[in-house]
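Peer 1: Let me begin by handing over the structure; questions about it come next.
The values are calculated or read from the model by the stated rules, or taken from the named source; none is laboratory data. Note that the structure is predicted; figures quoted are calculated from it, not measured. Heads up, the Cβs are rebuilt from the backbone with ideal geometry, glycines too, and the neighbour counts pull from every protein chain shown.
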């Protein structure tokens, strides 16, 4: 780790200078040797870096969404040219160029943070070793070594020996408790950030290997952070925990304000827009109008969530316009009512008492019909003329119940009319 950190030594001076400037401000409030002064200086460094990285974060979001959309096409290219790797690479690059997608954009924020991370690690390691570095002179070095956060020195690590922790005027138990809590919080924030991305901001209609990879990373990244965290100084843990919390909050804001089409977040967002339109009769906010404008532009390519939103506007007698606003429309109302009329109506479930009453009534009606049919049959038998020729007693009658002819009922048959003999 020291070898890797030394590669970023060119940036240790700017990083140490920024920390010193923030320390002057917080030192005036909490004291120069206070752990809060040095800890908040590190937090402020993270906030400053992340603000500068917001444009890269926007590119990361766009690249991630484009990669999700392109997954089915990429899979088709891989299947089509599975025996020609060169042609496969050419078609992939052509697809990226046509859609304006850069696969590396999703890694830009992490890559951009790496120099600052390793530079801060190098600065804190030098403080632990008692060496001056960058803008930190001897006085600031002594102050930083005396700074403690909840009893743990900024330069102490979970794996440090008792002798090293004692030289920093601290207890090994305090150091391990503080570092363990920070490692757990760091891993939990990383897990929650990835989980809300997978459960809320992913197009559920597209099932691709990319989603499975992201799901695996959701469990792998926290484990990696936990293993690496035991070798990080407390100051670096403060840095990494702060950047994880920042990422979580920033992603939560993006999910709520600019969700991925087809995701649960988009459904919740459009429901909020529909509720606002119901209350105010218009689409409020430039971001919301931009979202409605994009939905109108899709036309027949809208997903089910967007169609539901358009139908909801129609029930209110409104229609979405090309500029993202809404206007009254009788046609939209008629279309919404027509779609409701075509829906299958489910019969209402009757109560038990009503079902029993209906059953008794039906059974009574059937008994009455059976009795009427029986009396009618009796009258017909009485009116039918009897056969004048008696049957022989010694011979069994043809068509008896033991050997019924095909197409006739078993059992005794009605006598034929004399004219049909």
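Peer 1: Quick check, is residue 243 over 15 Å from the mean Cα position of the chain (by Cα), surrounded by fewer than 21 Cβ atoms within 10 Å (Cβ to Cβ) and under 24 Å from residue 60 (Cβ atoms)?
Peer 2: Details: over 15 Å from the mean Cα position of the chain (by Cα): yes; surrounded by fewer than 21 Cβ atoms within 10 Å (Cβ to Cβ): no; under 24 Å from residue 60 (Cβ atoms): yes.
No.
Peer 1: Turning to a different aspect of this structure: Quick one: which of 317, 324 is surrounded by 13 or more Cβ atoms within 10 Å (Cβ to Cβ), touching a helix residue (DSSP H, G or I) at 6+ places or on another chain (Cβ under 6 Å) and in contact (Cβ under 8 Å) with a residue 40 or more places away in the chain?
Peer 2: On the way: 317 fails: in contact (Cβ under 8 Å) with a residue 40 or more places away in the chain.
Testing whether each residue is surrounded by 13 or more Cβ atoms within 10 Å (Cβ to Cβ), touching a helix residue (DSSP H, G or I) at 6+ places or on another chain (Cβ under 6 Å) and in contact (Cβ under 8 Å) with a residue 40 or more places away in the chain leaves just 324.
Peer 1: Among the residues of the stretch 127-141, which ones are part of a helix (DSSP H, G or I), surrounded by 13 or more Cβ atoms within 10 Å (Cβ to Cβ) and either at pLDDT 85 or above or not assigned by TED's automatic domain parsing to the domain that holds residue 17 (or both)? Break it down stepwise before answering.
Peer 2: As a first pass, look at the stretch 127-141 and keep what is part of a helix (DSSP H, G or I): 127-129, 138-141.
In the following step, the residues that additionally are surrounded by 13 or more Cβ atoms within 10 Å (Cβ to Cβ) were identified as 127-128, 140-141.
Correct list: 140, 141.
Peer 1: From the list 18, 43, exactly one residue is touching a residue at least 60 places away in the same chain (Cβ under 8 Å), closer than 30 Å to residue 138 by Cβ and assigned to a helix (DSSP H, G or I). Which is it? It would help to see each step written out before you state the result.
Peer 2: On the way: 18 fails: touching a residue at least 60 places away in the same chain (Cβ under 8 Å).
Result of the check over 18, 43: 43.
Let's see how each residue does on (1) in a helix (DSSP H, G or I); (2) under 38 Å from the mean Cα position of the chain (by Cα); (3) not assigned by TED's automatic domain parsing to the domain that holds residue 197:
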site: 87; (1), (2), (3): yes, yes, no
site: 92; (1), (2), (3): yes, yes, no
site: 97; (1), (2), (3): yes, yes, no
site: 101; (1), (2), (3): no, yes, no
site: 110; (1), (2), (3): yes, yes, no
site: 125; (1), (2), (3): yes, no, no
site: 159; (1), (2), (3): no, yes, no
site: 166; (1), (2), (3): yes, no, no
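Peer 1: Is it the case that residue 38 is part of a helix (DSSP H, G or I), crowded, with 19+ Cβ neighbours inside 10 Å and either modelled with pLDDT of 90 or more or out of contact with any helix residue (DSSP H, G or I) (no Cβ under 7 Å at 6 or more places or on another chain) (or both)?
Peer 2: Details: part of a helix (DSSP H, G or I): yes; crowded, with 19+ Cβ neighbours inside 10 Å: yes; either modelled with pLDDT of 90 or more or out of contact with any helix residue (DSSP H, G or I) (no Cβ under 7 Å at 6 or more places or on another chain) (or both): yes.
The answer is yes for residue 38.
Peer 1: Please verify whether residue 289 is buried (at least 17 other Cβ atoms within 10 Å of the Cβ) and not assigned by TED's automatic domain parsing to the domain that holds residue 188, treating the condition exactly as stated. Spell out how you get there, then give the answer.
Peer 2: On the way: buried (at least 17 other Cβ atoms within 10 Å of the Cβ): yes; not assigned by TED's automatic domain parsing to the domain that holds residue 188: yes.
Yes.
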